[in-house]
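The values are calculated or read from the model by the stated rules, or taken from the named source; none is laboratory data. For clarity, every value in this text was computed on a predicted model and none was experimentally measured. Here the Cβ positions follow ideal geometry from the backbone for every residue, glycine too, while neighbour counts run over all protein chains shown.
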Amino acid sequence: MDFRLSDDLLALQDTARRFAAREIAPHVAEDEKNHRFRPEILAKMAELGFFGCVIPEEHGGNGMGWLASVVVTEEIARVSASWGLPFNMQTVGPGTTILRYGTEEQKKKYLPGLVDAKVLGCFAITEPNSGSDVVSMKTTAKKDGDHFVINGSKTWISNAQVADVGLVYAVTDREAKHRGLTCFLVPLKETKGVTSRAIETKLGLHCSPTGELFFEDARVPASSILGKEGDGFKICMSMLDNTRVSCAARAVGVARACFEEAKKYALDRTQFGKRIAEFQMIQADLAHMYVEHEAARFLVWRAASQKDKDPRARNTLEVSMAKYYAAETAVNAANAAMKIFGSYGYSTEYPVERLYRDAKSFQIVEGTSNIQKMIIATNVLDLK
Ligand SMILES: Cc1cc2nc3c(=O)[nH]c(=O)nc-3n(C[C@H](O)[C@H](O)[C@H](O)COP(=O)(O)OP(=O)(O)OC[C@H]3O[C@@H](n4cnc5c(N)ncnc54)[C@H](O)[C@@H]3O)c2cc1C
């Protein structure tokens, strides 16, 4: 077992780090304040091949792999959690799911565009009354000749108001429960009966668009089904096994930013005639932050490396462990950073309050921390 990155990955990490410092860091505070999503940043990330890591060359990617993808994601999220999200909206979510379940035609139509970000993606599972309990969703898709007619609404959808294509999950057979969900590839802007509305009340992640999607008699051809009718739940869970790894990498990036900001501040701030970094209680907090974020990173790297060995094998347990631990680590780190910054942590003039707000998202998105603990327990308890 070798925990060092290869020279290629170190070079990619350096590229991502320099990109984030140059293109994102100078604007992030102002953009977060103004809830500004900059398409030009997305285009530049695509140009550098960031979204191509998890997609093979034959479909427009660079095939550098999952470990490459999480290494880049951590570097971007360290500077902005908002800008860590597009990895999941482009290729880690829609892209890898189309790659696995799509027809050749669907792959050709969508994958190159998702990689180069000329096509913006999203995935729509959550509804006003259906979050963790995915099977309870109300959105329906009724067969009508060689089309399906979608009715219902989705909420808390990242990219809802900007996405060109969405993986939309809907009920095609209520009686069949888990086997009654179907995943549709919906060209959101071109489909009559699809509208969106921005959610402007988010606590953080202000550079990442989030919104609602409404479907009113939205007709899509049967050829837009991803996989087979009734495969939706299986496809959704397989997709979440991918997006959770990237989400965990984002959380590590935020936890690392908390540590780095807190370390800098503790070495600078003096009280009682000493730098506060010299006080044992501050040192204990910083030591804890350091160990937790490094441990979280290794869980993420393990889950990503497993996917590199066999991208089709499900590694749900290791993915949920990484997602759960990294999310809790980010929140712990943000909490500790706030404490170390004292009143300046409470000020919008310092980055810690943003890290604190953004960190909370990791305990909710892609399945809450409780849901990850349920998955982990189900896998390790042998309760059958
Ligand atoms: C910024 C942001 C971006 C998002 N992006 C997307 C997106 O792109 N696409 C999408 O589909 N969704 C998205 N979501 C929605 C997100 O996936 C859901 O919020 C999440 O799955 C939880 O659902 P919920 O909020 O309805 O909570 P609920 O499911 O109502 O849960 C409420 C609480 O009850 C707990 N709980 C629920 N069931 C159990 C149980 N069985 N045992 C123990 N505790 C339980 C939960 O852990 C939670 O603490 C996003 C959310 C946010 C905040």
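Of ILE364, ILE371, ILE282, ILE375, all but one fail to be assigned to a loop (DSSP other than H, G, I, E, B) and among the hydrophobic types (A, V, I, L, M, F, W, C); the exception is ILE364. In region 120-131, the condition of being within 16 Å of the ligand (Cβ to nearest atom), more than 20 Å from VAL186 (Cβ to Cβ) and of a type outside the set (D, E, K, R) is met by at least one residue.
Select, from LEU167, LEU185, the only residue that is assigned by TED's automatic domain parsing to the domain that holds LYS143, buried (at least 20 other Cβ atoms within 10 Å of the Cβ) and away from the ligand (no atom under 14 Å from the Cβ). Matching residue, one of LEU167, LEU185: LEU185. State yes or no: is THR139 within 12 Å of the ligand (Cβ to nearest atom), modelled with pLDDT of 95 or more and closer than 18 Å to GLY230 by Cα? Considered against the rule, which asks whether it is within 12 Å of the ligand (Cβ to nearest atom), modelled with pLDDT of 95 or more and closer than 18 Å to GLY230 by Cα, THR139 comes out as yes. Is it true that some residue in region 211-233 is within 12 Å of the ligand (Cβ to nearest atom), polar (S, T, N, Q) and modelled with pLDDT of 95 or more? No, that holds for no residue.
Condition first: more than 20 Å from the chain's Cα centre (by Cα) and surrounded by fewer than 18 Cβ atoms within 10 Å (Cβ to Cβ). Can you find one or more residues in region 196-204 that meet it? Yes; the residues of region 196-204 include at least one that is more than 20 Å from the chain's Cα centre (by Cα) and surrounded by fewer than 18 Cβ atoms within 10 Å (Cβ to Cβ). Taking the stated definitions as given, is LYS154 among the basic types (Lys, Arg) and within 11 Å of the ligand (Cβ to nearest atom)? Against the criterion (among the basic types (Lys, Arg) and within 11 Å of the ligand (Cβ to nearest atom)), LYS154 qualifies. Cβ separations smaller than 7 Å between residues 6+ apart or across chains give the following pairs from region 129-151 residues that are on the phi < 0 side of the Ramachandran plot and among the charged types (D, E, K, R) to residues that are outside any strand (DSSP E or B) and surrounded by 12 or more Cβ atoms within 10 Å (Cβ to Cβ): ASP146/ALA222.
How many of the residues making up region 117-150 are closer than 23 Å to PRO209 by Cα and surrounded by 15 or more Cβ atoms within 10 Å (Cβ to Cβ)? Within region 117-150, residues that are closer than 23 Å to PRO209 by Cα and surrounded by 15 or more Cβ atoms within 10 Å (Cβ to Cβ) number 15.
For region 195-212, the criterion of being farther than 30 Å from GLU353 by Cβ and touching a Gly at 6+ places or on another chain (Cβ under 9 Å) is satisfied by no residue at all.
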